[in-house]
Amino acid sequence: MTVAIRDNAIPSDHEMMVYKTMSQHAVASKMYKGIGDESAVMMIMLAARELGLPPMQCLNGGINIINGKIEISARMMSGMIRMAGHSISIKESTDSSCTLVGKRRDNGETATVTYTLVDAQRAGLVKPGGGWVKNPKDMCFARCISRLSRQLFSDVIGIGYVEGEIKASEQELVVPDDIPVEAEAVEDVEFLERTLHTLLDIEDPLG
């Protein structure tokens, strides 16, 4: 079976020379120490190319590559969707909740998505002194646009994650004392704990 590859999927020799030169200058400038060597810089530029994004914007915080996965900044993700002709409107944006409404240009399909601080707490994202404590409004927006993008604009963002998603998925839940948890969420947690204890108390039929 032969897999067809579109003409511009692989960079030309000339493009690779340009990217290599740009990567060399980027590393030599010492402005991108946090990214790594020339190869790391090159990977970001090539990822930007596949996503149709300006390489320098991506190099300057637009995207990161973590363990082979692409993280896209919330601003960049929003820009990608709008550049594709689709629309996003903010229905609500507060320190505790964000609701976005998206609409596709091609078929008019719409979706309304919400992400809350309680969602972040349940997912184990809230840490003392972390971004969810310092900038909860921005963090709710970032996660909300990521959720909306996956549901309605997956063809635009590809396999990209929003910034912070990859590392945060490996973190444990720690809720600071100064961030209240809604009563409904606490009841849910208590219910899950009671259910878990009940299951653990059931004798293993295979034992």
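The values are calculated or read from the model by the stated rules, or taken from the named source; none is laboratory data. Just so it is clear, the model here is predicted, and its values are computed rather than measured. Every residue, glycine as well, gets a Cβ built from its backbone with ideal geometry; the counts of neighbours run over all protein chains shown. Just so you know, the surface numbers come from the protein's heavy atoms only, side chains and all, with ligands and any DNA or RNA stripped out. Shrake-Rupley method; radii C 1.70, N 1.55, O 1.52, S 1.80 Å.
Kindly evaluate residue 114 against the criterion of being open to solvent by 20 Å² or more (accessible area, probe 1.4 Å), touching a strand residue (DSSP E or B) at 6+ places or on another chain (Cβ under 8 Å), in contact (Cβ under 8 Å) with a residue 24 or more places away in the chain and over 16 Å from residue 157 (Cβ atoms). Yes.
Here residue 119 clears all of (1) acidic (Asp, Glu); (2) open to solvent by 20 Å² or more (accessible area, probe 1.4 Å); (3) not in a helix (DSSP H, G or I) except the condition numbered (3). Checking each residue in segment 76-107 for being closer than 21 Å to residue 119 by Cα and of a type in the set (Lys, Arg) picks out only 91. Go through 76, 80, 139 for me and flag whichever is touching a strand residue (DSSP E or B) at 6+ places or on another chain (Cβ under 7 Å) and buried (at least 17 other Cβ atoms within 10 Å of the Cβ). After applying the criteria, what remains is 76.
Of all residues in segment 143-161, none satisfies being out of contact with any helix residue (DSSP H, G or I) (no Cβ under 8 Å at 6 or more places or on another chain), in a loop (DSSP other than H, G, I, E, B) and either small (Gly, Ala, Ser) or modelled with pLDDT of 90 or more (or both).
In segment 93-146, what residues are within 14 Å of the chain's Cα centre (by Cα) and among the acidic types (Asp, Glu)? If the condition is that a residue be within 14 Å of the chain's Cα centre (by Cα) and among the acidic types (Asp, Glu), then 138 is the only one that fits. Among residues of segment 69-97 that are over 30 Å from residue 40 (Cα atoms), those with a beta-carbon under 9 Å from a residue that is part of a strand (DSSP E or B) and charged (D, E, K, R) at least six positions away or on a different chain give the pairs 86/103; 87/103; 88/103; 89/103. Considering segment 98-109 alone, what residues qualify as being in contact (Cβ under 8 Å) with a residue 12 or more places away in the chain, open to solvent by 20 Å² or more (accessible area, probe 1.4 Å) and not charged (D, E, K, R)? Answer for segment 98-109, where residues must be in contact (Cβ under 8 Å) with a residue 12 or more places away in the chain, open to solvent by 20 Å² or more (accessible area, probe 1.4 Å) and not charged (D, E, K, R): just 101. All told, residue 27 meets the bar of being open to solvent by 40 Å² or more (accessible area, probe 1.4 Å) and part of a helix (DSSP H, G or I).
Of all residues in segment 52-72, those that are touching a helix residue (DSSP H, G or I) at 6+ places or on another chain (Cβ under 7 Å) and buried (at least 19 other Cβ atoms within 10 Å of the Cβ) total 9. If I ask for residues that are aliphatic (A, V, I, L, M) and open to solvent by less than 30 Å² (accessible area, probe 1.4 Å), which ones from segment 85-97 would you list? 88, the sole residue that qualifies.
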